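The values are calculated or read from the model by the stated rules, or taken from the named source; none is laboratory data. Small disclaimer: the values here were computed from a predicted structure and weren't measured. Note that each Cβ is placed from the backbone with ideal geometry, even for glycine, and that neighbours are counted across all protein chains shown. Accessible surface areas use protein heavy atoms only, side chains included; no ligands, DNA or RNA. Shrake-Rupley method; radii C 1.70, N 1.55, O 1.52, S 1.80 Å.
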Amino acid sequence: MDVTFDFDGTVALVTGASGALGGAIARAFHEAGASVAAADVVEPDDEDDFFETEGARFYEGDFTDEDDVARVVDEVVSDFGRLDHLANIAGTWRGGTPVDETDADTFDFLFDVNLKTMFLASKHAIPHLRETEGSVVSVSARSSLEGGEGDGIYRASKAGVRLLTETIAEENRGDVRANAVMPSVIDTPMNREMMADADFDSWVKPAEIARTVLALCSDATPVTSGAAVPVYGEV
């Protein structure tokens with residue numbers, strides 16, 4: 001079944017847009033007719049001409065810094081006149097050591113990049129999203145559902161994303177819908193390099209996750225809020 005979305009006349013802010021998943025989601029919104037504000041602390045690749053297309057703009061900002069977040073959100077609303085959707089995609093993974101061998105800097109880094117970015121972007125976007133009865137979709141993780149060996153801090157930060165999503169949904173019931181997606185290993189160049197001997201065919205592609213994100217922002221899911229949706233395929 002061919003699924004299409006119509007986001008014409010809406011504005012989507014996508015954080016982590018220079019990464020593989022964030023870039024796929026930004027493109028999916030744009031292809032569906034939305035104006036896209038693509039934000040990241042890292043500038044996009046010079047060869048990536050997406051950010052030069054009509055209706056797409058790049059905003060450089062550190063989403064772990066509240067002043068930077070407030071500035072970017074204000075600029076987006078000023079430039080486009082509204083904000084309808086927030087996709088909190090900024091995030092990263094670190095692991096390999098048990099809790100008693102993990103340094104505090106790693107803890108701070110993971111909670112900053114995975115959870116604080118989601119908190120700050122949501123905090124400053126929600127007042128604008130209330131005006132448009134908009135939506136928030138954030139990235140949690142399959143591994144956040146249970147403890148595990150070697151990457152407990154990452155799992156805890158992503159569990160925080162899931163719980164904060166439920167809180168945002170409850171606090172904004174009837175005004176803003178908030179949901180999370182839970183991927184496992186995503187088929188990105190970085191993951192292929194890190195796990196060169198893995199079965200890539202079993203990994204979910206960024207574009208597939210992007211379709212779920214758009215579905216959660218669309219009129220197809222008007223009664224879905226506070227959900228944590230699996231996007232790790234049939235593995």
*Selection from the range 204-230 of residues that are assigned to a loop (DSSP other than H, G, I, E, B) and either of a type in the set (S, T, Y) or touching a Gly at 6+ places or on another chain (Cβ under 8 Å) (or both)*: S218, T221, T224, S225
*Does L21 fit the bill of being closer than 30 Å to L110 by Cβ, assigned to a strand (DSSP E or B) and of a type outside the set (G, A, S)?*
no
*Selected residue (criterion: modelled with the highest pLDDT) from residues of the range 175-216 that are under 13 Å from the mean Cα position of the chain (by Cα) and within 20 Å of R94 (Cα to Cα)*: V181
*Based on what the data block shows, is S78 of a type outside the set (F, W, Y) and free of Cβ contacts under 8 Å to residues at least 40 places away in the same chain?*
yes
*Of the residues that sit in the range 4-24 and are surrounded by fewer than 24 Cβ atoms within 10 Å (Cβ to Cβ) and over 23 Å from G81 (Cα atoms), which one is farthest from the chain's Cα centre (by Cα)?*
T4
*asked:* Checking the condition at pLDDT below 95, among the charged types (D, E, K, R) and surrounded by 14 or more Cβ atoms within 10 Å (Cβ to Cβ), which residue from R94, R162 passes?
replied: R94
*Which residues, counting only those in the range 25-35, are out of contact with any Lys or Arg (no Cβ under 9 Å at 6 or more places or on another chain) and open to solvent by 10 Å² or more (accessible area, probe 1.4 Å)?*
R27, H30, E31, A32, G33
*Given (1) outside any helix (DSSP H, G or I); (2) open to solvent by 40 Å² or more (accessible area, probe 1.4 Å), where does A38 come up short, assuming only one miss?*
(2)
*List the pairs whose first member sits in the range 160-171 and is assigned to a helix (DSSP H, G or I), whose second member is surrounded by 20 or more Cβ atoms within 10 Å (Cβ to Cβ) and among the basic types (K, R), and whose Cβ atoms are under 9 Å apart, counting only residues at least 6 apart or on separate chains?*
A169/R177
*asked:* It is to be established whether one or more residues within the range 49-68 are modelled with pLDDT under 95, assigned to a helix (DSSP H, G or I) and either under 30 Å from R155 (Cβ atoms) or open to solvent by less than 80 Å² (accessible area, probe 1.4 Å) (or both).
replied: yes
*Does R82 satisfy being modelled with pLDDT of 95 or more, crowded, with 19+ Cβ neighbours inside 10 Å and more than 16 Å from S122 (Cβ to Cβ)?*
no
